[in-house]
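K.L.:
I'd like to ask you about the structure that follows.
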Amino acid sequence: GHGQTISQPLVVAFMLEKLELEQGDKVLDIGSGSGWTTALLSHIVGSEGKVIGIEIVPELKEFGKQNVSEYNFVEKGIAEFVCKDGTEGFEQQAPYDRILASASARELPSAWKEQLEVGGKIVAPVGHSIFVYSKRSEQEFEKEEHPGFSFVPLIDES
């Protein structure tokens with residue numbers, strides 16, 4: 001709804017694989033939409049982990065929260081939903097072990113880099129590629145590109 005789509009299951013599996021999630025990780029899920037990536041992330045990080053789903057469209061945020069609630073991830077405190085501009089990240093609960101974006105940015109927002117823990121990973125579409133950014137130090141990132149993908153654009157409020 002609202003001009004948004006969900007990613008193909010194979011693409012989501014690829015992105016989750018590149019995240020290299022572990023139980024107990026804290027994850028920022030940008031563009032959470034219907035909530036299906038938030039639910040998958042919540043299942044993987046388990047009861048010791050935390051997933052914050054960010055969605056800019058209020059109706060989609062509520063729809064995603066309802067969907068994820070069906071699996072008790074919200075009630076157990078594993079998943080949380082926030083309605084805001086995902087390009088800003090969510091500083092209130094930073095730092096994150098992993099950040100996943102499900103919409104294509106023109107360039108990687110600096111807030112995501114700042115809110116990532118050293119040793120953490122960001123998996124995000126930029127243009128028509130999926131990039132994996134690994135934070136080696138406060139200022140140093142390793143970047144790998146996987147071209148040939150298509151995503152809806154990341155919506156920002158600017």
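The values are calculated or read from the model by the stated rules, or taken from the named source; none is laboratory data. All of these numbers come straight from a predicted model, not from anything done at the bench. Neighbour counts are summed over all protein chains in view; Cβ atoms, including those assigned to glycine, are modelled from backbone coordinates with ideal geometry. These accessible areas exclude ligands, DNA and RNA; they are computed on the full protein's heavy atoms, side chains included. Shrake-Rupley method; radii C 1.70, N 1.55, O 1.52, S 1.80 Å.
K.L.:
Can we say ALA39 is modelled with pLDDT of 95 or more and crowded, with 22+ Cβ neighbours inside 10 Å?
P.N.:
Yes, satisfied.
K.L.:
Looking at region 58-84 only, could you name the residues that are assigned to a helix (DSSP H, G or I), in contact (Cβ under 8 Å) with a residue 12 or more places away in the chain and among the small types (Gly, Ala, Ser)?
P.N.:
GLY64
K.L.:
In the set GLY49, GLY33, which member is farther than 22 Å from PRO9 by Cα, open to solvent by less than 20 Å² (accessible area, probe 1.4 Å), of a type in the set (Gly, Ala, Ser) and out of contact with any His (no Cβ under 7 Å at 6 or more places or on another chain)?
P.N.:
The unique qualifying residue is GLY49.
K.L.:
If LEU28 satisfies all but one of (1) farther than 22 Å from THR87 by Cβ; (2) out of contact with any Ser or Thr (no Cβ under 8 Å at 6 or more places or on another chain); (3) surrounded by 19 or more Cβ atoms within 10 Å (Cβ to Cβ), what's the number of the condition it fails?
P.N.:
(1)
K.L.:
Go through (1) assigned to a strand (DSSP E or B); (2) open to solvent by less than 50 Å² (accessible area, probe 1.4 Å) for THR87 and report which single condition fails.
P.N.:
Among (1) assigned to a strand (DSSP E or B); (2) open to solvent by less than 50 Å² (accessible area, probe 1.4 Å), the lone unmet condition for THR87 is (1).
A quick yes/no check of all residues on (1) open to solvent by 50 Å² or more (accessible area, probe 1.4 Å); (2) in contact with a helix residue (DSSP H, G or I) (Cβ under 7 Å, 6 or more places away or on another chain); (3) among the hydrophobic types (A, V, I, L, M, F, W, C):
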| residue | (1), (2), (3) |
| --- | --- |
| PHE63 | yes, no, yes |
| TYR71 | yes, yes, no |
| GLU80 | yes, no, no |
| ALA103 | no, no, yes |
| SER110 | yes, no, no |
| ALA124 | no, no, yes |
| PHE131 | no, no, yes |
| GLN139 | yes, no, no |
| GLU145 | yes, no, no |
